[in-house]
1. Grab the helices (runs of 4 or more DSSP H) fully contained in region 326-412, keeping just those with 2 or more residues being β-branched (Val, Ile, Thr).
2. Does Tyr339 fit the bill of being crowded, with 21+ Cβ neighbours inside 10 Å and either outside the structural domain of Leu398 (by TED's automatic domain parsing) or under 30 Å from Met214 (Cα atoms) (or both)?
3. Here is a list of conditions, (1) within 15 Å of the ligand (Cβ to nearest atom); (2) within 17 Å of Tyr153 (Cβ to Cβ), and Glu95 meets all of them except one; can you say which number that is?
4. Give Asp146, Asp235, Asp201, Asp183 a once-over and let me know the one that is more than 30 Å from Asn300 (Cα to Cα) and either away from the ligand (no atom under 16 Å from the Cβ) or not assigned by TED's automatic domain parsing to the domain that holds Cys114 (or both).
5. With respect to the numbered conditions (1) more than 16 Å from the ligand (Cβ to nearest atom); (2) part of a helix (DSSP H, G or I); (3) more than 24 Å from Lys23 (Cβ to Cβ), which one is the sole condition not fulfilled by Tyr151?
6. Only one of (1) at positive phi; (2) away from the ligand (no atom under 16 Å from the Cβ) fails for Trp100. Which number is that?
7. Return the total of residues in region 151-168 being of a type outside the set (A, V, I, L, M, F, W, C), under 26 Å from Gly97 (Cβ atoms) and in contact with a Phe, Trp or Tyr (Cβ under 8 Å, 6 or more places away or on another chain).
8. So which residues in region 111-143 are of a type in the set (Lys, Arg) and within 16 Å of the ligand (Cβ to nearest atom), if there are any at all?
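The values are calculated or read from the model by the stated rules, or taken from the named source; none is laboratory data. For clarity, every value in this text was computed on a predicted model and none was experimentally measured. Backbone-built Cβ (ideal geometry, glycine too); neighbour counts: all protein chains shown.
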Amino acid sequence: MSNSSLVTYTRISPNKTVMNNKKNTHIVIHHMAGKLTVEQCGSVFAPTTRQASSNYGVDGYGHVGLYVDEKDRSWATSSREIDSKAVTIEVADDEVGGNWHVSDIALQTTIDLCVDICKRNGITSLNFTGDKTGNLHAHRWYSSTDCPGDYLYSKFPYIASEVNKRLSPNYTVDGINYSKVYDYEYYISNNPDVKQIYGTDPAKVFGHFIEYGMKEGRKGNDVFDVNIYKDNYEDLRKAYGNDTPKYYVHYIKWGIGEKRVSSYHIVPVTVRDGIDYSLVYDPKYYWNKYEDLQNAFGDNYDKLLTHFIKWGMVEHRQAKADFNVDVYKSNYHDLQETYGGDIPKYYMHYIKWGAKEHRVADREVRKANVEYYIIKDGDSMLDIAEKYETTVDEILILNNKAFAVGQKIRVK
Ligand SMILES: [Zn+2]
């Protein structure tokens with residue numbers, strides 16, 4: 001069982017019961033009865049003499065503290081039974097006494113945290129019924145305390161309703177349910193510009209996806225990448241061209257049913273992070289040459305390219321018929337001097353410069369009997385080549401530079 005990724009501060013309290021197989025089905029929201037930061041709340045729960053804790057704390061700045069792992073029972077609610085099946089949250093007040101008001105940001109962060117807890121624990125809805133039949137509970141039902149304070153307690157129906165809107169939102173437009181290609185949390189965490197403008201309003205964020213996001217090819221969830229989907233299927237490209245939103249709709253209506261692949265390339269790809277590896281990497285050649293890759297990557301060409309970039313180059317693997325890195329290295333002394341044993345650099349050199357310089361990587365150009373010649377005024381390169389029974393191209397390869405009178409060139 002995981003903890004929330006919203007946590008910004010961790011101080012594990014000794015006041016807890018380590019559990020096996022704790023299943024979280026409930027949430028109990030408390031208040032700190034004070035204007036505490038998540039660090040101060042952590043200090044309160046640190047001494048064993050305190051005999052109290054909670055799984056999480058939320059402070060007035062919207063910071064989230066972790067004090068007891070979700071898998072363990074916190075000592076929060078004066079009831080072993082409820083704490084054994086609940087994730088407990090302490091929320092900081094911004095008013096001491098009275099209604100024990102909490103700040104808006106603390107309230108919104110509590111909602112964010114509840115959504116996250118529900119999603120990771122498979123809690124499909126958060127229900128506040130005013131009694132123990134729901135799964136959002138209050139400390140005051142278990143002992144004589146006014147926790148979580150009148151203000152926060154009055155917000156329980158609102159919290160539950162906001163959480164549920166985000167757990168099962170209505171993503172249907174014109175009869176098409178976009179929930180297979182869109183997830184609010186994913187969209188705001190991967191599109192900071194959208195988060196900045198609409199972050200706290202799920203309906204407006206979804207509106208952005210519908211109006212702009214799809215046209216711009218943005219990813220709405222982990223599964224569907226419209227650019228990959230487009231690359232993978234020629235029939236769709238013929239049908240929809242550059243009308244990007246249509247690919248999303250196709251996936252929802254038919255693609256899922258047809259088990260079409262939208263999260264990785266099943267067609268060969270050679271470009272990663274703006275670098276085109278095609279001069280040294282032919283996906284089909286690479287896949288055919290190495291059985292271990294066929295077994296490991298099946299039809300996943302993204303993983304195959306990742307393998308080449310991370311491991312293949314380091315392991316001197318050949319991924320293209322006319323590029324053998326060991327041959328390339330042994331052919332060029334200047335590269336050996338620059339790159340030494342750093343093999344991937346030879347591949348990158350060929351991509352950036354070597355191919356343009358007509359350098360050779362598919363056969364040995366170094367010979368046993370090296371011969372040199374000094375160019376004289378009036379010499380023709382063709383004559384020199386004929387004299388040494390070679391070609392101008394071969395001499396170019398051996399010397400790797402332009403020619404000038406007086407220059408000593410290698411001819412064999
Ligand atoms: Zn409490």
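1. Where helices (runs of 4 or more DSSP H) fall fully within region 326-412 and carry at least 2 residues being β-branched (Val, Ile, Thr), they are 392-399.
2. Numbers: crowded, with 21+ Cβ neighbours inside 10 Å: no; either outside the structural domain of Leu398 (by TED's automatic domain parsing) or under 30 Å from Met214 (Cα atoms) (or both): yes.
So Tyr339 fails the test.
3. Result: Glu95 passes all but (1).
4. That would be Asp201, the only listed residue that is more than 30 Å from Asn300 (Cα to Cα) and either away from the ligand (no atom under 16 Å from the Cβ) or not assigned by TED's automatic domain parsing to the domain that holds Cys114 (or both).
5. Result: Tyr151 passes all but (1).
6. Here Trp100 clears every test but (2).
7. Qualifying residue count, region 151-168: 2.
8. Filtering region 111-143 down to residues of a type in the set (Lys, Arg) leaves 119-120, 132, 140.
Hits for region 111-143 are Lys132, Arg140.
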